Structures are given as structure tokens and as C-alpha cells.
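Have a look at the structure below before the remarks.
The values are calculated or read from the model by the stated rules, or taken from the named source; none is laboratory data. Keep in mind it's a predicted model, so treat the numbers as computed, not measured. All Cβ positions, glycine included, derive from the backbone under ideal geometry; neighbour counts span all protein chains shown. Accessible surface areas use protein heavy atoms only, side chains included; no ligands, DNA or RNA. Shrake-Rupley method; radii C 1.70, N 1.55, O 1.52, S 1.80 Å.
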Amino acid sequence: MVNQHSSMYNLASAIYSPQIVDAKQVGGHGRWHYIAYAFYYQLVRAAMLVKSDIFLHVRQSVRIERIRLFIRLSDVAKMSCRTMNVRCHFLLMMTLNHALQCNDIFVNETARSVETTRVFNEVRHVSRACGKQLIVHQRIRPNPNEASLTTAEIIAGRGYPVEIHSVTTSDGYILELHRIPYGKGQKMASTASRRPVFLQHGILTTDNVWLINQNGLGFVLADAGYDVWMGNARGNTYSRRHVKLDPSKEEYWNFSFDEMGNYDIPAVINFVLAKTGSQKISYIGHSMGCTMFFICMSLHPELNEKIDVMIALAPAVSMAESTAPLAVYQAPFAEQIKFVFDLIGVRAYEPVDTFCNNLRKQYCGPNLFLRYSLCRNTIFSSSDDEYHAFDLNILPIIDGHNPAGTSVKTAVHYAQNYMTGQTFQRYDFGHRENLLRYGQTTPPTYDLSKVTCNVFIFWGQRDKVSAPKDIAWLANKLGNLKASIMIEDPLWNHLSFLFSSDAKRLVYDKLIPLLPLPTS
């Protein structure tokens, strides 16, 4: 039996490895066995990931004496598991699953058994605040109701002022912007104008990713004295309108990040400058938010003069070295997938209200084992990110808003860049249409040397989407790179910039000094 399960695990591991699995590797197993083994692997992988973290978590009702006993028992359990097969990890996780429902917990993959005692001993500092808020390790537990609130409602609920604005692009798409004009408890300056900072989210998300953490960047910047504007890319939950086109029709979704950079970013930059009366704006993007910016400056280089500084968090430009599942497993079949989607009428790629997303929102909660297996949100499964330094109580809130949808064509565009190697090129329509659109049979590349505004890059060593080698390639191509800054945490990944509880200390507090002073 042990050999049989080891064989299943090895086969399933091969399915998820970057190597190609051919018929010989599958052997005599049928198609359904193949799928079952892959499913089995996902469960086992979840158990193995969880086993290293579960002993670092504690519920608030557990007393110190019980904690110490639990630590001793957990050490024995871990030692036993080292001598048993992989089923032990799975069964152990299932045994602990009900007792440790991940309420008020914090994931820290860097901790080990020596540090566990220190972490557990800190529980004595837990204190209950007024109302329903609970302070855990000097952190405020997230409000689960924010999963069903809009971005504007989240901002107002945290005690900040908020404005909602609509911007129409030159090709007719209507984008929704959210503004935090000043910080909590502050007043609008009457004599000095606050400098505007624009935040642009990445693929499959909305601007609420800057707010979900208690120390989200949108709030940090507002409290630091900046006028914060947050954009929403065409096709997501907030920007699904057009002056003529119907979002339920295929024609509306005929765009990729090329149009986002060519039309969306120029429109929002000019709108914010006109609204604030400022001469320049600072821009902070994450992932595709950087893609859009670099396209904008490449195709509209005159806009460089309107940018004080651009800060790129995990920029997604060249994808050649990406090891994210979305690139490795779907990119080679992107055109075929798009053909099937077109055939069956799928227009929006991963909107938030799909059946699977609704099921996850209803039943998964912050359960750690489920979160590593069946309930993994698309934005995590596509990047293969782990919940490094996360307060897992934010996961249901993330589910409430993300994935927020984009066009199938956007995903295909990233796939094309991945398959082409280290390059950054426009959408490939095929030889004939490329000739009509671009005057050549192959899509032209974006000229990154035209990005002449000040650029700072922040990147993570564990990022599987924006791999370090691709970041180095980008750094050599930009026209005015000031610094490429590696996050000191060796486990920092693609989504850590948004959701890690260490993001303020490791990233936000370091990027604010790079911005102009908050008032002019």
C-alpha cells in the first residue's frame, strides 16, 4: 500500500512539474486515474504545506498551559511523520483541521520549532478591544463584512473620506476611479495642495487590493499626506461600462493590456491632473499595472513629463523565466483555449461571480487546509504563491472581490509574451492581420528606452510570475531606471506586495521616501 501511494504521489507530482508529461510517463493508467492522481496530489501538497505552519497557529481561547502541551505533542507528531509515508501528513492535517479553523491566525513560513515557543508565548499579549475588533499580536482582526462591501464602502468604513469618479477613454470605455483625498482625522489642505499618487492594480483584481490589509498602501499614503487615486482597468468589476458597447457582447471584450496601456492610462493621468490642478503625478503599479504604464510611456512618450516618479512593484513585462502555473501550463495552449472560449461564448475571463468563486466564498472561510487545496483563489493558484506572512482572516475578504475579471485576450497576450522569450511585444494577431495593423508580419516590441521618467523597481526573490531574471532584463531596457530594489525577505512572492502583513515595513515605508514631499 505504501508503494502504491508513493507511486500515485510521484505520478501526480510529475503532472504539476514544469516538465512535459507524455503518454509513456502516464503508463497504463487511464485518463480518470490520471485526473484522480492529480487531485490526490493537490490534497497531499496542501497537507504538506500546512504541516509546517499549523503548529505556529493558535486560537485565542487556548490557555498558555494548553499551548505548551500542544507544542510538545506537535513536536512528537512531526517527528513521527518523518518516519512515515506521505499519508501521515494528510491524516494529521485532517485530524487537526476541525480544531484549528484558522481564526485569528498568522502564517509565517520562516519560523521553525525553536521560534515556535516564542510565538506561542506572545499570546499572553492578546487583548480584546471595544466592540467586535480583536487585537492579535498588535494587529486588528479584519472585518469579514468587507467581503461584500464595495471599495468606496471599505474606505468609508475605515474612517477615511472617499470620492468616486468616472473617466471615459478615447475608445469609449468608462473607468471608475476611487479617491482618498486625505488621511483619517485629517482635513483637506486649504493653503497647500497635496501631491496626487495614482495606484494601478494587476491582472484579475481591482483597486481594493490596496486596501484589504489593515495597513494597505492606499491608507498608508493617505495618512502620509498624499492625495490617493486608485484606478480600475477596463473589464474588471468597477470598469465594465462603455459609451456604446454592451459588456454582454463579444465586441466589448476585444481588448488586451495593449489597449489598457494605450488608452486607459493616458485617460486617467490627464483626468487626475485636471481634477487636482497638479502639474505632475506619481504612479505606483503592481504586476499588470506596471505593464500598462510602460506601454503608455512607450506609445505616448510625451506623458513622461507628467510623471514625478514611477514605482514598479513586481512588474510583469518579460515573462520568459516565469514558472507560474498560468504561464507554464496554459500558455502553450492559449490560442486553442481562446478558440474554445470564443466558440462557447465565454467573454469575461475569471469574473468574481462564477459558480466556483461563489462556492468558495460561501463555504471555505479562512480554513488553512482548504485554502491550500480545493479553495485556492485563482489569483493565488495562477501565481502559485503561498500565504507567506499572511493574516489568513483576509482570505475570505480577498475572495469577496477577486478574481475580478478581464478579457480572455489579456491572458492570451501574456501567454504570447511567455512563449516568445525575453521580449515585450504587442498583441500577435497572426501574419495577415499583423501586416494590416503594424505594417509587418510580426508584432513590434514596445520601446522601453522611451520610458524616461524616474523608475524604481521592487521585486521578490520567490516571485514566480515576475521572475528575478526577467526583472534584470527589464532593468537593462528602461530609459531611466534609478534603482532595482530586492525585498530582503527571501520568501517574498508576487502577491506579498499586496497582502503580506510585512508589506508596510519591507516595502511601503521604503517607497514613500522616493516620492516627492506630500504637499507643494
Subset of region 380-403, residues open to solvent by less than 10 Å² (accessible area, probe 1.4 Å), modelled with pLDDT of 90 or more and part of a helix (DSSP H, G or I), comes to PHE380, ILE394, LEU395, ILE397, ILE398, ASP399
With respect to GLN461, is the statement that it is assigned to a loop (DSSP other than H, G, I, E, B), within 21 Å of ILE379 (Cα to Cα), free of Cβ contacts under 8 Å to residues at least 60 places away in the same chain and of a type outside the set (Gly, Ala, Ser) true? yes
Verdict on LYS482 being under 20 Å from GLY216 (Cα atoms), touching a residue at least 24 places away in the same chain (Cβ under 8 Å) and open to solvent by 20 Å² or more (accessible area, probe 1.4 Å): no
Just one listed residue, out of THR323, THR354, THR291, is hydroxyl-bearing (Ser, Thr, Tyr) and without any contact (Cβ under 8 Å) to a residue 24 or more places away in the chain, and it is THR354
Of (1) open to solvent by 10 Å² or more (accessible area, probe 1.4 Å); (2) in a loop (DSSP other than H, G, I, E, B), ALA316 satisfies every one except (1)
Residue hits (region 423-438; open to solvent by 90 Å² or more (accessible area, probe 1.4 Å) and under 18 Å from ASN262 (Cα atoms)) are ARG437
Taking the criterion of being on the phi > 0 side of the Ramachandran plot and buried (at least 23 other Cβ atoms within 10 Å of the Cβ), would at least one residue in region 464-471 satisfy it? no
Contact list, first residue from region 326-348 and more than 24 Å from THR237 (Cα to Cα), second anywhere and surrounded by fewer than 20 Cβ atoms within 10 Å (Cβ to Cβ), beta-carbon distance below 6 Å, six or more apart or interchain, is VAL328/PRO18; ALA331/MET419
A careful count of residues in region 331-349 that are part of a helix (DSSP H, G or I) and more than 13 Å from HIS413 (Cα to Cα) gives 7
Residues in region 151-186 that are part of a loop (DSSP other than H, G, I, E, B), among the β-branched types (Val, Ile, Thr) and touching a residue at least 24 places away in the same chain (Cβ under 8 Å) total 1
For this session: Might you let me know whether region 328-337 holds any residue that is touching a Ser or Thr at 6+ places or on another chain (Cβ under 7 Å) and open to solvent by 10 Å² or more (accessible area, probe 1.4 Å)?
Result: no
Only one of LEU245, LEU299 is open to solvent by 10 Å² or more (accessible area, probe 1.4 Å) and over 22 Å from TYR414 (Cα atoms), namely LEU245
Across region 361-379, the tally of residues that are open to solvent by 10 Å² or more (accessible area, probe 1.4 Å), in contact with an Asp or Glu (Cβ under 8 Å, 6 or more places away or on another chain) and modelled with pLDDT under 80 stands at 1
